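First the structure, in the form of structure tokens, and then the observations on it.
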């Protein structure tokens, strides 16, 4: 017969196992659509600082989302990770700088690109590359990714495939109102009266110091000034009294804002969100690698990024211009946002984005193969590819249009009408040499796979429950005896 100590131990085991199940089934509150975290691929357990070494893993999450147009200008160099643009992608860099712009893979970055064969650049409009310039969606990860566009495509584009698809960006369009509502809620709360700050932000001219409360799991700072020196130049950003595992939410309020930074504290990159809900003009400049993810909530806004490196997700509901007059190149680097954000009202109903595969049956004669020889550069690896344009039948079934007005869904979810059409699809198929060192050849999975733990925990919980039932039976039997 079990004594009281044995009974207590059995109860503790059962409760502990129940807690384990609850812990495994819970998740952080992410941005709408599940944006932010790494999407396997093979997510690294630890992301390296920007480097040019071997690939550290593969991430199929969106790293740059643009609700309007994406303009590549001046000396912009690359956008690592998946890029989704609802408007046009237009590359027209300045004379005298490298004519190359990379998407998907960066020569220097986290070195966690998307899987080969997935969409590395998706646009709801045109893809335009200026004469004498080149858009590269292969890099040192041949055969590279897909450039999928709803409008036209012109100029030199190196990719595994360049696919014209009228519905290319449809699945992402609901993100604009969702991100806009989330950005407003993060800054102003459910009531619109303003989210209470847990710390202070003080602009001292040479630096802005953020001082937290030292305890809260969510550290909130509300900033109603530019992050610049008194003369409008660059400054340092310093964070104090922020717990090691806390999420940091910086709300930058105002009609127009400039962030000019020459140095930053490290250690917050994957838990820091810069939220800009209202500004119509946002400028990121300075000489720093800028840590943290960015959310811009005004669909009428224009963001200009001229910093050397943006180390985190970049989500804007408006338009984006990448590149400044500096000649050192400007880059987006793919780092996830893993913070736990505030829950804003009822949980919105969202449909996770999916990867689209394109049929490859050729139904018409192809144009003469076009061989593109990339320029020689020391900044980016060069790859010679051959592209053949073909016409491909694509049967597209668009989802039904619904607008949710239930009180349980604060953001409308809108999709295109449910129709099936068969139209010719223009596909540019590109071949490239086999991958060399550091390429895509069977990258090891460095993430942590916990998929088996819930099942084991459930079995253990059932065992614990059986043990308790057995204890009760033995006690009743002893009382009868």
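The values are calculated or read from the model by the stated rules, or taken from the named source; none is laboratory data. Here the structure is a predicted model, which means the values were calculated and not measured. Here Cβ is always computed from backbone atoms with ideal geometry, including for glycine, and neighbour counts include all displayed protein chains.
Values for this structure:
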read-out: Meets criteria (over 15 Å from residue 70 (Cα atoms) and either modelled with pLDDT of 95 or more or surrounded by fewer than 24 Cβ atoms within 10 Å (Cβ to Cβ) (or both)) for residue 300; value: no
read-out: Elements of type strands (runs of 3 or more DSSP E) contained in region 258-331, each with 3 or more residues being over 22 Å from residue 203 (Cβ atoms); value: 314-316, 319-322
read-out: Subset of region 120-143 (residues that are closer than 17 Å to residue 84 by Cβ and not in a strand (DSSP E or B)); value: 124, 125, 126, 137
read-out: Scope region 251-267; condition surrounded by fewer than 22 Cβ atoms within 10 Å (Cβ to Cβ) and in contact (Cβ under 8 Å) with a residue 24 or more places away in the chain; matching residues; value: 253, 254, 255, 256, 258, 260, 262, 263, 264, 265, 266
read-out: Filter pass, residue 94 being buried (at least 23 other Cβ atoms within 10 Å of the Cβ), touching a strand residue (DSSP E or B) at 6+ places or on another chain (Cβ under 6 Å) and in the same structural domain as residue 165 (by TED's automatic domain parsing); value: no
read-out: Within region 141-156, tally of residues that are surrounded by fewer than 24 Cβ atoms within 10 Å (Cβ to Cβ) and within 21 Å of residue 63 (Cα to Cα); value: 3
read-out: Some residue of region 243-253 being under 21 Å from residue 287 (Cα atoms), in the same structural domain as residue 45 (by TED's automatic domain parsing) and part of a strand (DSSP E or B); value: yes
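Here's the yes/no breakdown for (1) touching a residue at least 60 places away in the same chain (Cβ under 8 Å); (2) under 15 Å from residue 80 (Cβ atoms); (3) more than 15 Å from the chain's Cα centre (by Cα):
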{"site": "283", "(1), (2), (3)": "no, no, yes"}
{"site": "289", "(1), (2), (3)": "yes, yes, yes"}
{"site": "293", "(1), (2), (3)": "yes, yes, no"}
{"site": "298", "(1), (2), (3)": "yes, no, yes"}
{"site": "325", "(1), (2), (3)": "yes, no, yes"}
{"site": "332", "(1), (2), (3)": "yes, yes, no"}
{"site": "336", "(1), (2), (3)": "yes, yes, no"}
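Rundown of residues vs (1) more than 20 Å from residue 285 (Cβ to Cβ); (2) over 16 Å from the mean Cα position of the chain (by Cα); (3) in the same structural domain as residue 316 (by TED's automatic domain parsing); (4) modelled with pLDDT under 95, yes/no style:
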{"site": "76", "(1), (2), (3), (4)": "no, yes, yes, no"}
{"site": "81", "(1), (2), (3), (4)": "yes, no, yes, no"}
{"site": "100", "(1), (2), (3), (4)": "yes, yes, yes, no"}
{"site": "107", "(1), (2), (3), (4)": "yes, yes, yes, no"}
{"site": "111", "(1), (2), (3), (4)": "yes, no, yes, no"}
